[in-house]
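Everything on this sheet refers to the single structure shown next.
The values are calculated or read from the model by the stated rules, or taken from the named source; none is laboratory data. Please read all numbers here as calculations on a predicted model, not as lab measurements. Every residue, glycine as well, gets a Cβ built from its backbone with ideal geometry; the counts of neighbours run over all protein chains shown. We work out accessible area using only protein heavy atoms, side chains counted, and drop any ligands, DNA or RNA first. Shrake-Rupley method; radii C 1.70, N 1.55, O 1.52, S 1.80 Å.
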Amino acid sequence: MGSDQISGKGTAGAYSQAFNESIQDPQSFWARAAQEVTWSKTWDRVLDDKNPPFYQWFQGAELNTCYNAVDAQILSGRGDQVAVIYDSPVTDTIKKFTYSELKERVAKIAGMLKGMGVEKGDRVIVYMPMIPEALMAMLACARLGAIHSVVFGGFAARELAVRIDDAKPKVILSASCGIEGKKIVYYKPLLDEAIDTATSKPQKCVIFQRPQATADLVAGRDLDWVETEAKATPADCVTVKATDPLYILYTSGTTGIPKGVVRDNGGHAVALKWSMKHIYGINPGEVWWAASDVGWVVGHSYIVYAPLLMGATTILYEGKPVGTPDPGAFWRVISQHNVKALFTAPTAFRAIKREDPNGEFLKKYDISCFQTLFLAGERTDPDTLYWAMDLLKVPVIDHWWQTETGWAITANFRGLELFPVKAGSATMPVPGYDVKIIQPDSGKELPANEQGVIGIKLPLPPGTLPTLFQNDEKFKESYMSAYPGYYFTGDGGYVDGDGYVYIMGRVDDVINVAGHRLSTGAMEEIVARHPDVAECAVIGAEDQLKGQVPVGFFVLKAGVSRDPSEIAGELVQMVRKDIGPLACFKSAALVERLPKTRSGKILRGTMRKIADGQEYKVPSTIEDPTSLDVIQEAARKIGYGTKK
Ligand code: COA
Ligand code: AMP
């Protein structure tokens, strides 16, 4: 274990000074951080707080995010420095792009979009695997002031269709296929099906044909990427307002309708650049790796924007922690590319630990360049934390954040002040985030060590969501109404006497499967559509590898006498077809009835405890206590209900 794991390190007091200023005088704090960004016009007001809960950072300012991430780096002498390393064990490819090469491609792709009529404010959906063109597509949209909406490749056609209908893109950028380990995932049929289903139709689709699969193009609508890019005239950066949207990223809420989280340009650039230095300790010219996917917020912020805004080198990895080809994959990448810090989800480390518990594969590589491991997406369990610390002998930092915030809410600070690690805690609130624990019924703030829901006192710092796409009402309803004056995170937890924050999990119907955020409500809507199902409940049960997996319980309509296991199989297929394989919905059990309160609310919390084999209290509001025994028995039949 590194000694700074035990004692903490950095400039003592630097954190409290930064944090206190960020809360007491946020305008001065963020105005200073904003000096690091190149603006076309500076702001009239650092923070416009006249219309709460809608806040605008850097009002009146103008900039271009792509200019900051690419062009400005070249102007400051980084033209020949590698900006992006594409490392793809699944195609046996390593390709490097300097900042100058990146600019050339991004400007051409922007020109290609411009040639199709894409202008500032237009939406472009990016439904792509982890290839350099995905990152370039995002930057190309930013260059034009167009709003990208990246949809994760593991989502099925229906999920894509819902996003098309909400974002109404002028153009969709996609590829013929993704490669998942040894499996080829054909994107184009999913794209075609989504466009058929959606009411809003894109004018054009541009398809990147990969050598592993050639997609059929629809005449008049689809264009070949390479041909179209080759013919394009490079496009310049279009100046946008700091408060104009850079992107929309859809995330799971409690229903089947995902929420379109909006990210603005100015606050985003300021916050990400600040975080790169102070949280992650990364300086210009250093190599940084976020092993995620551009389809998730981690990918947006830390594969694409933050490292490039910082002038660092970012790694785009098309592979898995295990199986591509072995559990030494991460150590190989770190060693080969001189990676200073890695950011991934705990589940990736659990996968490596499971296949190589003694770290034998690490012995093959020199990773002396490596200084910090950052984990997020779900709570880091103490076993995995200690295993990683013992193996890597560097600080392992669990930090907590959400699609909505776009960057960490709590963290440890590699570039500011490193606090001793406490297992199970995501450390301290990040400057800018006034984290409070709230008593759910009274809405009052709770003292140290008492558990409640987690709120963040408004205003949120720059870079966080200003609203939901074209839906201010839903924004207010989802995040701002439960506890007026606070942003409601949807997570529960507590703060200990030393100020460390502990995240205890979601208090709503959102679950995290292998670091992927999913809605059990959305799965319930699909299961309930089965003609034989009367009602159902889907809960997130503990899983040793993926953290949580969804498990369904269904009640049949009267008179249905079909084999329940056949029906369960159909439900599994329906969820896979409608949401996608990433849902990992693999278990469903027939029950005679669901446990409910006397007012008819399904007791999902108690069901979850039963599935996890935890102690539970029979709720006083329960209509029929024997319904819990029914769940217990059904859970056992499908391999749940006992303590793992
Ligand atoms: N496109 C298409 N399909 C995808 C996909 C993508 N981009 N990503 C995942 N899938 C599919 C997988 O192929 C798998 O399909 P299957 O049911 O047919 O096998 C399914 O979705 C589940 O994928 P996953 O959860 O990734 O499971 P896995 O067993 O393939 O791998 C881990 C397990 C732990 C190795 C993997 O989840 C992992 O690397 N996790 C890291 C988490 C992460 O990056 N989180 C992002 C937030 S930081
Ligand atoms: P997403 O929006 O997909 O990034 O998911 C955000 C959710 O993931 C949060 O609301 C938490 O429930 C969970 N999460 C993210 N990071 C952590 C963490 N470090 N510890 C516990 N939960 C986390």
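Results for (1) among the aliphatic types (A, V, I, L, M); (2) assigned to a loop (DSSP other than H, G, I, E, B), shown as yes or no for each residue.
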| site | (1), (2) |
| --- | --- |
| VAL560 | yes, yes |
| VAL572 | yes, no |
| ALA588 | yes, no |
| GLU592 | no, yes |
| LEU628 | yes, no |
With (1) open to solvent by less than 30 Å² (accessible area, probe 1.4 Å); (2) over 23 Å from ASP49 (Cα atoms) as the list, and MET480 as the residue in question, which single condition is left unmet?
(2)
Determine, yes or no, whether SER335 is outside any strand (DSSP E or B), modelled with pLDDT of 95 or more and over 28 Å from LYS364 (Cα atoms).
no
Which of the residues spanning region 244-256 are at pLDDT below 95 and away from ligand 2 (no atom under 16 Å from the Cβ)?
GLY256
Which numbered condition LYS422 misses (of (1) open to solvent by less than 20 Å² (accessible area, probe 1.4 Å); (2) in contact (Cβ under 8 Å) with a residue 40 or more places away in the chain; (3) in a loop (DSSP other than H, G, I, E, B); (4) away from ligand 1 (no atom under 16 Å from the Cβ))
(1)
Select from region 282-307 the residues that are more than 15 Å from ligand 2 (Cβ to nearest atom) and open to solvent by 10 Å² or more (accessible area, probe 1.4 Å) and write down the one among them that is nearest to GLY580 (Cα to Cα).
VAL287
Flagged pairs (Cβ under 6 angstrom, 6 or more apart or on separate chains; first in region 585-610, basic (Lys, Arg); second open to solvent by less than 20 Å² (accessible area, probe 1.4 Å)) are ARG593/SER627; ARG604/ALA537; ARG604/ILE539; ARG608/ILE539
Considering each of THR489, THR464 in turn, give the residue that is closer than 19 Å to GLY515 by Cβ, buried (at least 22 other Cβ atoms within 10 Å of the Cβ) and either away from ligand 1 (no atom under 16 Å from the Cβ) or more than 20 Å from the chain's Cα centre (by Cα) (or both).
THR489
Exactly one condition in (1) of a type in the set (S, T, N, Q); (2) within 16 Å of ligand 1 (Cβ to nearest atom); (3) free of Cβ contacts under 8 Å to residues at least 40 places away in the same chain; (4) open to solvent by 10 Å² or more (accessible area, probe 1.4 Å) is false for ASN358; which is it?
(2)
Kindly indicate the residue of region 386-409 that is away from ligand 1 (no atom under 16 Å from the Cβ) and surrounded by 18 or more Cβ atoms within 10 Å (Cβ to Cβ) and also nearest to TYR479 (Cα to Cα) among those meeting that condition.
PRO395
Number of positions in region 492-512 that are part of a loop (DSSP other than H, G, I, E, B), surrounded by fewer than 21 Cβ atoms within 10 Å (Cβ to Cβ) and not hydrophobic (A, V, I, L, M, F, W, C):
5
